[in-house]
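See below for the structure under consideration.
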Amino acid sequence: MDAIAKNFNLECYQINNENKYLIRKKMEMNEYVDLKICVSGNVDSGKSTTIGVLISGELDNGRGKTRVNVFNYPHEKETGRSSSVSLEIMGYKQDGSLYVPDKHQKKSWPTIIENSSKIVTFYDLCGHEKYLKTTIYGLSLSSPDYTLIMIGANMGVTHMTKEHVFACMALKIPFIVIITKIDLCPESVLKQTEKDIKKLINQYSNNKKLIEISDKLEGMNPVLKEIENLKNIPLFKISNVSGLNIDKIKKFLNYLPKRTLFNPKEPVLFYIDRTYQIVGFGTVLSGLLKSGTVKIGDNLFLGPDKNCNYSEYKVKSIHCKKISIEVATAGYYVCFGIRKINKKIVKKGMVLV
């Protein structure tokens, strides 16, 4: 056991008087477990606010104080509603505690990654019905390990809630149900919301169980073991204003294992999500590296264009989570710097192979 402890972090707990161990490999500098989680739910269910509370360590003021830093565009800040897919990260240290930069430190992604051995990447999706296509696009492109489905306790199960649950079922993505705003909701309404959630899940399968999570590892363990096969669906009831059960979610995400498997030995396949034009450098392509391994200097083919042809370009730089890296492997959401390419010919949905 001492030999294992040199290279792994151990956490012991008991079930039925038997010792169980949670083992995690000790990471080197800038080496980390990357857990990708999509956050979906009906509009005004508290998606962006919950992400803001988790990553900042601060509670909301009831008027959307923490969600402002999650939005991409000014009109999103004005309306308080997401219309695009935004990314935020949260880091855990070697001992499993959450890393929150000191007030005098800059809360940048490189700072979080430098001090963390596990990174949770949140994909904040849209909740409004007219942005459903964008939400489905985000779920399918990012290949998440899990999805958080947010449900406002005061609004219950809506049409969009059903759409998001169905999308997770269709894409076989394990999901976690979080009921928000329970401080605004009468007990009778909250119980009815829980009944509606169980009824919705039973419509798809009678084998699935909705289980409210305890705050101890021995209580979480049965759910963690069955969540990947979609049998057990975790349930949290939280308040972003009072902070009720926020720490429970943070603890659960720390224990949650990475699920999605990517093959770095297969041929390169990179899905282009966005393009940027950097003054003095050139074009940057961002997206998910679905398979393969890419190094700086590699030649890749971009396409298909209008004539279904592919053109060859060289990778000049690679960035992942705002940090420059030499090699990108399958499963990374990365940016490739490509020079001597016209941004206008690159369209969302094209690939590098």
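Give the residue that is nearest to the chain's Cα centre (by Cα), with candidates limited to residues of the stretch 258-289 that are loosely packed, with under 13 Cβ neighbours inside 10 Å and closer than 26 Å to residue 147 by Cβ. Per the criteria, the residue is 261.
State all residues of the stretch 204-233 that are among the charged types (D, E, K, R), open to solvent by 40 Å² or more (accessible area, probe 1.4 Å) and touching a residue at least 12 places away in the same chain (Cβ under 8 Å); if no residue qualifies, say none. If you could, list the steps in order and put the result at the bottom.
Kept after step one, since they are among the charged types (D, E, K, R), are these residues of the stretch 204-233: 208-209, 212, 215-216, 218, 225-226, 228, 231.
Narrowing further to those that are open to solvent by 40 Å² or more (accessible area, probe 1.4 Å): 209, 212, 215-216, 218, 225-226, 228, 231.
Residues satisfying the conditions are 209, 212, 215, 216, 218, 228, 231.
Determine the pairs where a residue that is at pLDDT 95 or above, located within the stretch 158-177, has a partner that is open to solvent by 10 Å² or more (accessible area, probe 1.4 Å) with Cβ atoms under 8 Å apart, the partner being 6 or more residues away or on another chain. Going by the 8 Å Cβ cut-off, the qualifying pairs are 177/210. Just one of the listed residues (313, 333) is modelled with pLDDT of 90 or more and over 29 Å from residue 133 (Cα atoms), and it is 313.
Suppose the filter is at pLDDT below 70 and out of contact with any helix residue (DSSP H, G or I) (no Cβ under 8 Å at 6 or more places or on another chain); does residue 110 pass it? The answer is no for residue 110.
The requirement of being in contact with a Pro (Cβ under 8 Å, 6 or more places away or on another chain), closer than 30 Å to residue 61 by Cα and surrounded by 15 or more Cβ atoms within 10 Å (Cβ to Cβ) is not satisfied by residue 236.
Considering the conditions (1) touching a residue at least 40 places away in the same chain (Cβ under 8 Å); (2) closer than 22 Å to residue 265 by Cβ; (3) surrounded by 16 or more Cβ atoms within 10 Å (Cβ to Cβ); (4) of a type in the set (A, V, I, L, M, F, W, C), residue 353 is excluded by exactly one of them, (3).
Of all residues in the stretch 8-59, how many are part of a strand (DSSP E or B) and not aromatic (Phe, Trp, Tyr)? Full working, then the answer.
As a first pass, look at the stretch 8-59 and keep what is part of a strand (DSSP E or B): 8-15, 18-25, 33-41.
Keeping just the survivors that are not aromatic (Phe, Trp, Tyr) gives 9-12, 14-15, 18-20, 22-25, 33-41.
The qualifying residues number 22.
Residues satisfying the criterion are present in the stretch 74-88 (criterion: open to solvent by 30 Å² or more (accessible area, probe 1.4 Å), modelled with pLDDT of 75 or more and in contact with a helix residue (DSSP H, G or I) (Cβ under 7 Å, 6 or more places away or on another chain)). Return yes when residue 167 is touching a strand residue (DSSP E or B) at 6+ places or on another chain (Cβ under 6 Å), of a type in the set (Gly, Ala, Ser) and buried (at least 20 other Cβ atoms within 10 Å of the Cβ) and no when it is not. Taking the combined requirement at face value, the residue does not satisfy it. Pairs linking a residue in the stretch 242-263 that is closer than 25 Å to residue 288 by Cβ to a residue that is aromatic (Phe, Trp, Tyr) and part of a loop (DSSP other than H, G, I, E, B), with Cβ atoms under 9 Å and 6 or more positions apart or on different chains, are 262/332. Could you check, for the stretch 304-312, whether at least one of its residues is within 25 Å of the chain's Cα centre (by Cα) and open to solvent by 40 Å² or more (accessible area, probe 1.4 Å)? Looking for residues that are within 25 Å of the chain's Cα centre (by Cα) and open to solvent by 40 Å² or more (accessible area, probe 1.4 Å), one finds none in the stretch 304-312, hence no.
All conditions but one from (1) touching a residue at least 60 places away in the same chain (Cβ under 8 Å); (2) open to solvent by less than 70 Å² (accessible area, probe 1.4 Å) apply to residue 183; the one that does not is (2).
The values are calculated or read from the model by the stated rules, or taken from the named source; none is laboratory data. Note that the structure is predicted; figures quoted are calculated from it, not measured. No Cβ is skipped: glycine too gets one built from the backbone with ideal geometry, and neighbour counts run over all protein chains shown. For the accessible areas, the whole protein counts, side chains as well, though only heavy atoms, and no ligand, DNA or RNA atoms are used. Shrake-Rupley method; radii C 1.70, N 1.55, O 1.52, S 1.80 Å.
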